[in-house]
Amino acid sequence: MNKIRIKTLCLLLAIVPMLVMQGCGLFGKKGGKNIDDGQLRGAADRPGWKQVIPYGMILVPPGTFHMGQADEDVPYTQINQNRQISIGGFYMDDTEITNNEYRQFIDIYLRDSAATLGEGYIMTELYPDTLVWENDFVHHYGDPLTEYYYAHPAFDEYPVVGIDWEAAQIFCRWRTTYWNNYRRGQGEFDMPSFRLPSEAEWEYASRGGRDMAKYPWGSPYLANTLGCLLANFKPGRGNYYNDGFMYTAPVASYFPNDFGLYDMAGNVAEWCNDAFSESSVPRVMDINPTYIDQDEFRKVVRGGSWKDIAYYLETGTRTYEYKDSVRSYIGFRCAMTYLGRSSGREFGYNTPNTNKSFASALNTQEVITAKVKTSAANEGKIKN
């Protein structure tokens, strides 16, 4: 008799939470069935939706942070004063786009679009400008990098450079079409578009959930307790190799931030979607802000690079480049909007503004990016 009562009690304890969650709307709204009884049930035969994580991307949870300079504004620019900003959930490439990933785009464009666009357009406007290694610097021996950096397999896992803002936008559109064409062939709904991250998204992601962090790793210092530098940059006057690499490094050569994103400081600076304006920060919205000005040729560049001093590695430092300029120290990574509720629960968080390590959220969902960091495994990580 007692066993029956215990079983009944356990059954009730299992059912009650389900009823509560259904009341909260966690099981979705009723409807969509082929029932016509005069009631409002929603359109019939609607398919379900579950947004999958694109290959090589990381979930960035929604949250609120203080955007702006995280340390002293040394040059006294006064162009990034602090504001509290809310950001919706999105996906972001865990590394910068590599030479080999960009090569896939060029190869397919040459195969499928040369007849309509012209091979000349593809090679002059979209193909990486390998001469940046000579043109960016005066009296510099850049011939080996000009010849080998993009073409040779030794550099396949290095970040692509020599790409202007317009080419990065075209890459994002091609990546969207390429994947959604495949999904349509499988009878699946289109995924949201790949795009460049907004400046606010980039800064939020770079901090890895650590509000007001000076650097992506959370510490105000450039080296760990062993004296190892934590990013690829210019640590001293002409001492480029002190961080382990003379120029760029293979992607993911340093440990990621708490969101799982690599190289958010150093290696190559990264294009953002926003136009640059010295006065844009106080003018944009405080929820998912972005500054769009079609007449502004300056575009935001963030993160600093292998040839920059530490000031440009700071999460709050703003700078720009002209959208038609190509540089040996500017690359990019893609973002994608997350479709769905933004409570944070879908990312494994109890609240959207928690600062716990994002790795635990990934483990909760059993979501681990499938991207293999072969370059990091082969060449070894720089321990922090």
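Which of the following residues is over 23 Å from the mean Cα position of the chain (by Cα) and buried (at least 22 other Cβ atoms within 10 Å of the Cβ): 243, 274?
Numbers: 274 fails: over 23 Å from the mean Cα position of the chain (by Cα).
Of the residues listed, the single one that is over 23 Å from the mean Cα position of the chain (by Cα) and buried (at least 22 other Cβ atoms within 10 Å of the Cβ) is 243.
Scan the range 148-178 residue by residue and report those that are farther than 30 Å from residue 296 by Cβ and not charged (D, E, K, R).
148, 149, 151, 152, 153, 154, 155, 158
Within the set of pairs 6 or more residues apart or between chains, which connect a residue that is within 17 Å of residue 271 (Cα to Cα) inside the range 327-341 to a residue that is outside any loop (DSSP other than H, G, I, E, B) and among the acidic types (Asp, Glu) with Cβ atoms less than 7 Å apart?
What qualifies is 327/321; 330/321; 331/270; 332/270; 333/93; 333/270; 334/93; 335/201.
Pairs please, first residue from the range 110-133 and among the polar types (S, T, N, Q), second anywhere and surrounded by fewer than 16 Cβ atoms within 10 Å (Cβ to Cβ) and part of a loop (DSSP other than H, G, I, E, B), Cβ atoms under 8 Å, 6+ apart in sequence or on different chains.
130/151
Among the listed residues 154, 168, which satisfies the condition of being out of contact with any strand residue (DSSP E or B) (no Cβ under 6 Å at 6 or more places or on another chain), assigned to a helix (DSSP H, G or I) and within 30 Å of residue 206 (Cα to Cα)? Quick ask: steps written out before the conclusion?
Values: 168 fails: out of contact with any strand residue (DSSP E or B) (no Cβ under 6 Å at 6 or more places or on another chain).
Checking each option against the conditions leaves just 154.
So, residue 245, is that one within 25 Å of residue 83 (Cβ to Cβ) and assigned to a loop (DSSP other than H, G, I, E, B) or not? Write out each step before concluding.
Details: within 25 Å of residue 83 (Cβ to Cβ): no; assigned to a loop (DSSP other than H, G, I, E, B): yes.
Spelling it out, it is not the case that residue 245 is within 25 Å of residue 83 (Cβ to Cβ) and assigned to a loop (DSSP other than H, G, I, E, B).
When only residues in the range 93-135 that are surrounded by fewer than 17 Cβ atoms within 10 Å (Cβ to Cβ) and assigned to a loop (DSSP other than H, G, I, E, B) count, which is modelled with the highest pLDDT?
131
The values are calculated or read from the model by the stated rules, or taken from the named source; none is laboratory data. Fair warning: this is a prediction, and the values are worked out from it, not measured in the lab. Quick reminder, even Gly has a Cβ in these numbers, built from the backbone with ideal geometry, and neighbours come from all protein chains shown.
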